[in-house]
Amino acid sequence: MKDQINPVHYQGIVGPYQYIECMEFILGQEGLKAHLKGQIYKYMMRLGKKDADLQEIQKVVWYSRCLEILLREGTIVGKLSELKWDYVLSVTK
């Protein structure tokens, strides 16, 4: 099943880095923190208005977990393997 939360077109943007890791290089940690909060807000505000509710809330969780990693580790670069979505596939089948 296609990953609707972290699709392939966001992965391997520059070398091995995903889109969100590149954002940390571009924006710095504080900028990335603001970006992640904005993404969380965006998906919460459009819940029920665009994609399936489950997909939208999974995006909220994904960005929230990225923010958690950033706050805990000080970086998300090389840490995204912690974000596993195997359970998403089982829920949406």
Gain on full stretching of the segment that runs from residue 26 to residue 47 - 0.36 nm per residue minus C-alpha separation: 4.7 nm
Protein accessible area in the stretch 45-86, 1.4 Å probe - carbon and sulfur %: 54
Two-site label geometry, residue 14 and residue 71: point separation in nm, points 7 Å out along Cα→Cβ: 2.7
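The values are calculated or read from the model by the stated rules, or taken from the named source; none is laboratory data. Note that the structure is a prediction, hence the values are computed from the model and not measured. Using ideal geometry, Cβ is built from the backbone for each residue, glycine included, and neighbour counts are taken over all protein chains shown. Areas reflect the complete protein model, heavy atoms only, side chains present, ligands, DNA and RNA absent. Shrake-Rupley method; radii C 1.70, N 1.55, O 1.52, S 1.80 Å.
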